[in-house]
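Have a look at the structure below before the remarks.
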């Protein structure tokens, strides 16, 4: 498969390595100062995009105009999610996105939902989400933390909304963001009571899991039309 990499930072380089290890060809690289004019869409099977929220929608548009199937792991643009979805469907395009492509995070999400349903029965416990990332990360909270918070609240009926870094207001669930060092990404779901604390945690040890999931997403997307998420990818893997 011929893959176009959009964004050639640490994540882009890991995707290049992982894709090559899986037998794919890197047909092109678009970095911060490159223009899409140098890309021949006929030579590209799928593009994988990990950049910044400020440029993600522009990258989507460049791929959509050229009818290049696109996998995106960029976060922080989700206010435009409905617009992107409508465009993909109306123009019969190919797009897959996830706030986190690591298979371990997908499993952690399932555990989060299961625990939320269980803890919904116990009013003595108060939930919260904490995410820790490297100091270079632009969006806060992380896309994964937002996904985890929304999954939790969808299965926990005593609180309906989350708020970033809020304390002392029981009508909202706090989502706490910490930026330090070169942390790859840690997400903690906590239920606190006066007697004890229950926690589940996912800690990324490298970018390999994210890169593998993104490449699996590219393999899944090739030859498909439509708007897809990590749920569709994992359902396909697990069928």
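Values quoted throughout were computed directly from the atomic coordinates according to the rules given, and no laboratory measurement underlies them. Here the structure is a predicted model, which means the values were calculated and not measured. Heads up, the Cβs are rebuilt from the backbone with ideal geometry, glycines too, and the neighbour counts pull from every protein chain shown.
With each pseudo-label sitting 7 Å past Cα toward Cβ, what's the residue 225-residue 161 distance in nm, one decimal?
Spacing of the two 7 Å Cα→Cβ label points: 4.0 nm.
Can you tell me what percent of all Cα-Cα pairs in the stretch 103-203 are more than 16 Å apart? Before the final figure, lay out each step's value.
Values: 2712 of 5050 pairs.
Result for the distance tail: 54 percent.
Obtain the nm distance between the two label points defined at residue 40 and residue 86 by a simple spin-label model: each point lies 7 Å from its Cα along the Cα-to-C-beta direction.
3.7 nm
Packing-wise, with mean Cβ within 10 Å as the measure, how do 197-205, 43-51 rank, highest first? Before the final figure, lay out each step's value.
Working: 197-205: 14.0, 43-51: 22.9.
Going by the mean number of other Cβ atoms within 10 Å, highest first, we get 43-51, 197-205.
Between residue 235 and residue 107, how many nm apart are label points set 7 Å from Cα along the C-beta direction?
Label at residue 235, label at residue 107, 2.2 nm between them.
Apply 1/(1 + (r/R0)^6) to the Cβ-Cβ distance of residue 198 and residue 79, taking R0 = 25 Å, and write down the FRET efficiency to the nearest 0.05. Before the final figure, lay out the partial values.
Working: r = 32 Å, r/R0 = 1.30.
E(calc), rounded to 0.05, equals 0.15.
222 nm [θ] for the chain, helices only, -39500 (n - 2.57) per DSSP H run of 4+, per residue, to 500? Write down the numbers at each step before the final one.
Numbers: 7 runs with 86 residues, N = 239.
Computed ellipticity for the chain at 222 nm equals -11000 deg cm²/dmol.
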